[in-house]
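Trainee: Supplied in structure tokens, the structure appears directly below.
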Amino acid sequence: MASLFHKHQFGILITAAQILFFVLIGIFGEYDSKAMPRSSGSEIQTHDYVNSMYPLFQDVHVMMFIGFGFLMTFLRRYGYSAVSVNMLLSCLVIQWGIIVRGFWSEHFAETGKFVLNIESLLTADFAAAVVLITMGAMLGKLSPAQYVVMAFVETAVALTTEHIVVEYFKANDVGGSMIVHTFGAYFGLACAKTFNKKEMVEHEHEGSSYNSDIFSMIGAIFLWVFWPSFNAAIATPEDARHRAIINTYLSLCACTLVTFMISQLTDPERKMRFSMVHIANSTLAGGVAIGTTANVVLHPLHALLVGAGAAVISVLGYAYLTPFMAKKLGIHDTCGVNNLHGMPGVYAGILGFIFAAVYDPARYSTSLGDIYPAMVSNVDGEARSSIIQACFQLAGLALVLGCSLVSGAVTGLILRLKLWNQVREKEYYSDGDYFETPADYDFTTRIISKIDHIELTEHTSLTNKEH
Amino acid sequence: MASLFHKHQFGILITAAQILFFVLIGIFGEYDSKAMPRSSGSEIQTHDYVNSMYPLFQDVHVMMFIGFGFLMTFLRRYGYSAVSVNMLLSCLVIQWGIIVRGFWSEHFAETGKFVLNIESLLTADFAAAVVLITMGAMLGKLSPAQYVVMAFVETAVALTTEHIVVEYFKANDVGGSMIVHTFGAYFGLACAKTFNKKEMVEHEHEGSSYNSDIFSMIGAIFLWVFWPSFNAAIATPEDARHRAIINTYLSLCACTLVTFMISQLTDPERKMRFSMVHIANSTLAGGVAIGTTANVVLHPLHALLVGAGAAVISVLGYAYLTPFMAKKLGIHDTCGVNNLHGMPGVYAGILGFIFAAVYDPARYSTSLGDIYPAMVSNVDGEARSSIIQACFQLAGLALVLGCSLVSGAVTGLILRLKLWNQVREKEYYSDGDYFETPADYDFTTRIISKIDHIELTEHTSLTNKEH
Amino acid sequence: MASLFHKHQFGILITAAQILFFVLIGIFGEYDSKAMPRSSGSEIQTHDYVNSMYPLFQDVHVMMFIGFGFLMTFLRRYGYSAVSVNMLLSCLVIQWGIIVRGFWSEHFAETGKFVLNIESLLTADFAAAVVLITMGAMLGKLSPAQYVVMAFVETAVALTTEHIVVEYFKANDVGGSMIVHTFGAYFGLACAKTFNKKEMVEHEHEGSSYNSDIFSMIGAIFLWVFWPSFNAAIATPEDARHRAIINTYLSLCACTLVTFMISQLTDPERKMRFSMVHIANSTLAGGVAIGTTANVVLHPLHALLVGAGAAVISVLGYAYLTPFMAKKLGIHDTCGVNNLHGMPGVYAGILGFIFAAVYDPARYSTSLGDIYPAMVSNVDGEARSSIIQACFQLAGLALVLGCSLVSGAVTGLILRLKLWNQVREKEYYSDGDYFETPADYDFTTRIISKIDHIELTEHTSLTNKEH
């Protein structure tokens, strides 16, 4: 009986989840009036809404499925899982996120229904991002059923936290650096800590191959290229969107140059070589770092400086902090999400404080209310000052850190339960237990990495035979 | 002489086709007035047309070239051909499709000219999709010249069938699930049947490698991500486009979850593993299944249910029907297009019947005529009832099935003619006869899959030497 | 001391460059008023600007980072460098290009400041394209520091040349075939000539592997699919943009068919096989060839013919000219940029002359001034005739050729200086000296290509053991 549950637990969980989604969306969901046929007297429909939302949504959509999916294929023996589980969790979280966010929506409070429109799809993808970041920290250590449990819990907590940060604290976080990146990363690290086993560290299957690193660059570059859309998608008014695009673009460019520069300096063998880990990951930290303030920053120099700082934090994190945390603190972070999402997210949150405190709010003129709603009129009818808003930005960051660490730690404990299928220690970071694999699987993903040590003796004879 | 023709037949066919296109487009083609300089008195041009069509067109364009092209790279030894022949046939069908569709256009009937605009490019890409689906069924079994002949015949028949379904039957098929997916799949299956040789089945080169399956996922995910654009691109009015986007997105999400669930259950070794074939293909069936009714469905639950059903059909098809058809019925379907496009397309057509029959047409209000033109006013001046429209939807499906099966079967017979270069039986599913290959070709695409059986004995010594 | 400089020269260059960018953008840069908060009295903002620019910009952005980056991964042992250095140089040139172009802008002349907006990002990506094309000619032969020096010099010269061609000659070059493609290619060839060493030719590491050629196709297809956006992004008015899209699309389709046809004929072993080099590169020549006149051509047939011609030039160039130049002229062109960008760019320039001379300018009606500004009113108050405009088109081409060849040759000499880190001759076209590589690096990128010659003897025993 127990073994039957273990055998089928993934299927049971997925079936239960999908039925739950049917029921909740069936009862409470409805299409936005913009997506429903108009009655005869209504105004003529323009293309404006779809035109201004859909292309940015599609960029974000590519980031979730291609970007995160391929970025995580860097493990030489876990490519099937990376790209597939990425897809599975996204589809789970998209539906669950639409529901949770729907329940928190004003429209639901008023009517008992929540609406679906392109913005729902977009914010559902943002919810997926939170979970995919956490997946990066746990990559290769969970069974499919465990990933599903983790995603289910995290989505609910993350979207509730987001609701408080945005609706109560009225913090600005246009690109989600706090509520998406910071949350996802520290949930993941806390989960990794409580779930940790020493066999996870320096495991023989944890590592890349030449081709897997190039696959990973597909994901990295799509994330890099479309990041301006991620940070700008929900920015209003139009000038703020325009600015969010440019700020993100500039931050990423400066971040990339500095990443290459620092990467050389941290070469463990002091040969001044670059590391693909830094190039695929730290170059993206500039997108995270400018995320909270992409609509706030008013001068290109500031965006460049933000990006450059992110690169320093991220590369040093990969080079020194991640190995230290794995070996000394028992926090194994497979993709180094602390360096790509965690610390740059905290940095973004602090920048949110600084820019709110330092910039003269009068510069935002009529759009101040779009960026900092509470600085125009808050619940008590009086407007927040710059420094109060800045403190609420920090409070938002603190809440995100607190909620993510606690819920992540608890989730890690839940995932330890014998109830769930656990990955065999020998098979961490490996597809073989969960995917039908082709005949070359073991050669391509394991043996090929050992041959390097033999070839030096055989090479001569090989070339001799050739000529 | 005959051997000279055999040697050069591909070049002759391509040259003849390209010259034909020059002549026909040269004589009959012209640019849409929206793409021609305006005379001085005309109104100011807005960006609206390009803005509302071009981004969706580009998504579809990516689906054709990256999506289909990389999806078919899953064969370990046929990657060059998959991605290249995909490109070749697309470029052939795009031009030929513009012409054929142009000849069927109202504008041509009136003026003797057909126009080219962004919609022409978009619908030309749809025509390419028909042929690329068929290519999936025949993948690895045709010479380049045979692919060209097949594409040439199929495009003409498919676009003529489409013309009847849309213009005479006035069936709604906004995402082309009948006229694109069903047609392409059943043309391919009929062609595979009449072209079949027993050596095609269980051929030593038919299979994937670890890297080729990951390449294939690039295609799969781009198809998955941009499918909403495919189903929404030609939907009008704007609310229908908006709805088509959301319906497709939801259908795909539910389809993906259910695909993972069923995939485990069909593991031939009962180890509850996932199959990359299902993940790369069946997850897309939700896009096909909702294609006919993406602009029709008015509740998110219905879209989710449609997608979930598609996954069941598709995975079971891959697991049981495709091997059965190959071994018992002499229908070898390399990519399993029956499971991704064929059965889900028929299912979409039946859903078109159901939704037309069951939904109250009054709900579409003023946009009813955009969705079901004949329900507002038909040729006789009287409007169709719901059930009549529903029957015409079924009639459209039946016509598509009939035309595709007959024309596909005939095409298979044509392709058998000794006139054409035939692939050597030993070299089915292989690039070597048609592409210059690098030095590692045979190792990477053939030998590597055999080493797996040897390494168990050698592995120990390898690791010993290493340490 | 000298050795310390050699060790850190890349870091020093990058740091100096990034600080220079901070200073210059900090002092002289500012955001466009469209990206700054509006004062209270100003008009309501529409989505029109972002909607009409951003999706095309994003397409171009993908072309630079995924397109060029992956196209250059075809070298089996230089994939990390190709995709990473592509990213590095792009980020360098984007910032430097914004500055140089800013200094040449009218707004700077008037106010002492230059503005940043989405068009800046777009034209910065165009500047990156120039350098990435040159990178193609020098691929595998430069150290990171040398690439940086090259990019720095070239950007300044290319953007100055562009300024003269566009502002003084008033030449039309909407898709940048002269100022981007021709410049980048001939700068690269001249640089390759003066930098040449005989060890670069027929080097053992110059070549592809089966997987690297498929990676390369990812880049090729994204370039192919998004090329219409490249040629149309800055076209005005709207009908010209629409036309530029269709012309590019048609030119690419015809070019692709003809590429396949000619590729077979040039098979060195006369086996009528296709070459992946042609398919990944020559199919794109149609985009270059129509680049100068994408907004000019008014009939679809003309676009098709332009594309077909480009394929002939490009494939023959790859088959015969590139090897001849490498062996006899001492011009080694790693990616064959002469065939993809150089000769098709010159051809585009000549077509610019022909179309300007032959088409009746009255056909452009009110949009003549957008396409050929000097044909409406030039500095002297009188309008140019068709033939004068045509000659200025040629003059633009001549200037581009002259400037690119001279500055490229000088740059090649600069790069030879012992001052700079040079790539070891043994390690041309190899990642190993500049990247941390995984354990399978040598096997996957070198040994695997030699095994092909051995397997014939071992294969039988392998299969025997298997069964």
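Trainee: Would you confirm whether or not the range B:270-285 contains a residue that is surrounded by 24 or more Cβ atoms within 10 Å (Cβ to Cβ), in contact (Cβ under 8 Å) with a residue 60 or more places away in the chain and among the hydroxyl-bearing types (Ser, Thr, Tyr)?
Mentor: Yes.
Trainee: Something else now. Mind listing whichever residues of the range C:233-264 are in contact (Cβ under 8 Å) with a residue 60 or more places away in the chain and within 19 Å of residue C:310 (Cα to Cα)? Lay out the reasoning, then the answer.
Mentor: Restricting attention to the range C:233-264, the residues satisfying the condition of being in contact (Cβ under 8 Å) with a residue 60 or more places away in the chain are C:233-237, C:239-240, C:244, C:248.
Listed by number, the residues that qualify are C:244, C:248.
Trainee: Test residue A:24 against the criterion of being modelled with pLDDT of 95 or more, more than 10 Å from chain B (Cβ to nearest Cβ), out of contact with any Leu (no Cβ under 9 Å at 6 or more places or on another chain) and in a helix (DSSP H, G or I), and give yes or no. Before you say what the answer is, go through the steps one by one.
Mentor: Working: modelled with pLDDT of 95 or more: yes; more than 10 Å from chain B (Cβ to nearest Cβ): no; out of contact with any Leu (no Cβ under 9 Å at 6 or more places or on another chain): yes; in a helix (DSSP H, G or I): yes.
It is false that residue A:24 is modelled with pLDDT of 95 or more, more than 10 Å from chain B (Cβ to nearest Cβ), out of contact with any Leu (no Cβ under 9 Å at 6 or more places or on another chain) and in a helix (DSSP H, G or I).
Trainee: Within the range C:118-159, how many residues turn out to be among the β-branched types (Val, Ile, Thr) and within 30 Å of residue C:34 (Cβ to Cβ)?
Mentor: Going residue by residue through the range C:118-159, those that are among the β-branched types (Val, Ile, Thr) are C:118, C:123, C:130-131, C:133-134, C:148-149, C:153, C:155, C:157.
Checking the rest, the ones that are also within 30 Å of residue C:34 (Cβ to Cβ) come to C:118, C:123, C:130-131, C:155.
Residues flagged as among the β-branched types (Val, Ile, Thr) and within 30 Å of residue C:34 (Cβ to Cβ) within the range C:118-159 amount to 5.
Trainee: Additional query: Sort out which residues of the range C:295-311 are among the small types (Gly, Ala, Ser) and either in contact with a Phe, Trp or Tyr (Cβ under 7 Å, 6 or more places away or on another chain) or free of Cβ contacts under 8 Å to residues at least 40 places away in the same chain (or both), and write them in order of number. Lay out the reasoning, then the answer.
Mentor: Restricting attention to the range C:295-311, the residues satisfying the condition of being among the small types (Gly, Ala, Ser) are C:303, C:307-311.
Selection gives C:309, C:310.
Trainee: Testing residue B:76 on (1) assigned to a helix (DSSP H, G or I); (2) crowded, with 24+ Cβ neighbours inside 10 Å, one condition comes back false. Which one is that?
Mentor: That leaves (1) as the condition not met.
Trainee: A further question follows. Here is a check on your reading of the model: is residue B:306 more than 9 Å from chain A (Cβ to nearest Cβ), over 22 Å from residue A:79 (Cα atoms) and out of contact with any Ser or Thr (no Cβ under 6 Å at 6 or more places or on another chain)? Full working, then the answer.
Mentor: On the way: more than 9 Å from chain A (Cβ to nearest Cβ): yes; over 22 Å from residue A:79 (Cα atoms): yes; out of contact with any Ser or Thr (no Cβ under 6 Å at 6 or more places or on another chain): no.
No; evaluated as a whole, the condition is false for this residue.
Trainee: On to the next question. From the list C:188, C:175, which residue is out of contact with any His (no Cβ under 8 Å at 6 or more places or on another chain) and farther than 30 Å from residue C:428 by Cβ? Outline the logic, then answer.
Mentor: Details: C:188 fails: farther than 30 Å from residue C:428 by Cβ.
So the residue among C:188, C:175 that is out of contact with any His (no Cβ under 8 Å at 6 or more places or on another chain) and farther than 30 Å from residue C:428 by Cβ is C:175.
Trainee: Continuing with this model, one more query. Under the condition of being of a type in the set (A, V, I, L, M, F, W, C) and over 18 Å from the mean Cα position of the chain (by Cα), which residue from the range A:143-164 is farthest from residue A:184 (Cα to Cα)?
Mentor: A:145
Trainee: Determine which member of the set B:130, B:85, B:115, B:93 is closer than 30 Å to residue B:211 by Cβ, in contact with a strand residue (DSSP E or B) (Cβ under 9 Å, 6 or more places away or on another chain) and of a type outside the set (Lys, Arg). Quick ask: steps written out before the conclusion?
Mentor: Details: B:130 fails: in contact with a strand residue (DSSP E or B) (Cβ under 9 Å, 6 or more places away or on another chain); B:115 fails: closer than 30 Å to residue B:211 by Cβ; B:93 fails: in contact with a strand residue (DSSP E or B) (Cβ under 9 Å, 6 or more places away or on another chain).
Only one candidate qualifies: B:85.
Residue-wise test of (1) of a type in the set (Ser, Thr, Tyr); (2) in a helix (DSSP H, G or I); (3) at the interface with chain C (Cβ under 9 Å from one of its Cβ atoms).
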residue: A:219; (1), (2), (3): no, yes, no
residue: A:228; (1), (2), (3): no, yes, yes
residue: A:252; (1), (2), (3): no, yes, yes
residue: A:256; (1), (2), (3): yes, yes, yes
residue: A:261; (1), (2), (3): no, yes, yes
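Trainee: In this structure, does residue C:186 turn out to be farther than 20 Å from residue C:235 by Cα, more than 14 Å from chain B (Cβ to nearest Cβ) and either touching a strand residue (DSSP E or B) at 6+ places or on another chain (Cβ under 7 Å) or among the hydroxyl-bearing types (Ser, Thr, Tyr) (or both)? Walk me through how you get there before you give the answer.
Mentor: On the way: farther than 20 Å from residue C:235 by Cα: yes; more than 14 Å from chain B (Cβ to nearest Cβ): yes; either touching a strand residue (DSSP E or B) at 6+ places or on another chain (Cβ under 7 Å) or among the hydroxyl-bearing types (Ser, Thr, Tyr) (or both): yes.
Taking the combined requirement at face value, the residue satisfies it.
Quick grid of which residues meet (1) free of Cβ contacts under 8 Å to residues at least 40 places away in the same chain; (2) within 20 Å of residue A:246 (Cα to Cα); (3) under 19 Å from the mean Cα position of the chain (by Cα):
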position	(1), (2), (3)
A:289	no, yes, yes
A:313	yes, no, yes
A:326	no, no, no
A:339	no, no, yes
A:359	no, yes, no
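Trainee: Kindly indicate whether any position in the range B:381-388 is crowded, with 18+ Cβ neighbours inside 10 Å, part of a helix (DSSP H, G or I) and in contact (Cβ under 8 Å) with a residue 24 or more places away in the chain.
Mentor: No, every residue in the range B:381-388 fails to be crowded, with 18+ Cβ neighbours inside 10 Å, part of a helix (DSSP H, G or I) and in contact (Cβ under 8 Å) with a residue 24 or more places away in the chain.
Trainee: If I ask for residues that are surrounded by 15 or more Cβ atoms within 10 Å (Cβ to Cβ), modelled with pLDDT of 95 or more and either among the aliphatic types (A, V, I, L, M) or in contact with a Lys or Arg (Cβ under 8 Å, 6 or more places away or on another chain) (or both), which ones from the range C:355-367 would you list?
Mentor: Listed by number, the residues that qualify are C:356, C:357.
Trainee: Given the structure, is residue A:248 under 22 Å from residue A:177 (Cβ atoms), in contact with a helix residue (DSSP H, G or I) (Cβ under 6 Å, 6 or more places away or on another chain), among the β-branched types (Val, Ile, Thr) and more than 9 Å from chain C (Cβ to nearest Cβ)?
Mentor: On the way: under 22 Å from residue A:177 (Cβ atoms): yes; in contact with a helix residue (DSSP H, G or I) (Cβ under 6 Å, 6 or more places away or on another chain): yes; among the β-branched types (Val, Ile, Thr): yes; more than 9 Å from chain C (Cβ to nearest Cβ): yes.
Yes; evaluated as a whole, the condition is true for this residue.
Trainee: So, one more: Of the residues B:321, B:316, B:329, B:340, which is surrounded by 24 or more Cβ atoms within 10 Å (Cβ to Cβ) and among the aliphatic types (A, V, I, L, M)? If you could, list the steps in order and put the result at the bottom.
Mentor: Details: B:321 fails: surrounded by 24 or more Cβ atoms within 10 Å (Cβ to Cβ); B:316 fails: surrounded by 24 or more Cβ atoms within 10 Å (Cβ to Cβ); B:329 fails: surrounded by 24 or more Cβ atoms within 10 Å (Cβ to Cβ).
Going through B:321, B:316, B:329, B:340 in turn, the sole match is B:340.
Trainee: Could you please let me know if residue C:154 is more than 14 Å from chain A (Cβ to nearest Cβ) and among the charged types (D, E, K, R)? Reasoning before the result, please.
Mentor: On the way: more than 14 Å from chain A (Cβ to nearest Cβ): yes; among the charged types (D, E, K, R): yes.
Spelling it out, residue C:154 is indeed more than 14 Å from chain A (Cβ to nearest Cβ) and among the charged types (D, E, K, R).
Trainee: Do we find that residue C:58 is in contact with a Pro (Cβ under 6 Å, 6 or more places away or on another chain) and free of Cβ contacts under 8 Å to residues at least 60 places away in the same chain in this structure? Don't jump to the end; show me each part of the working.
Mentor: Values: in contact with a Pro (Cβ under 6 Å, 6 or more places away or on another chain): no; free of Cβ contacts under 8 Å to residues at least 60 places away in the same chain: yes.
It is false that residue C:58 is in contact with a Pro (Cβ under 6 Å, 6 or more places away or on another chain) and free of Cβ contacts under 8 Å to residues at least 60 places away in the same chain.
The values are calculated or read from the model by the stated rules, or taken from the named source; none is laboratory data. Nothing here was measured: the structure is a model prediction, and the numbers come from that model. Virtual Cβ from ideal backbone geometry, glycine too; neighbours counted across all protein chains shown.
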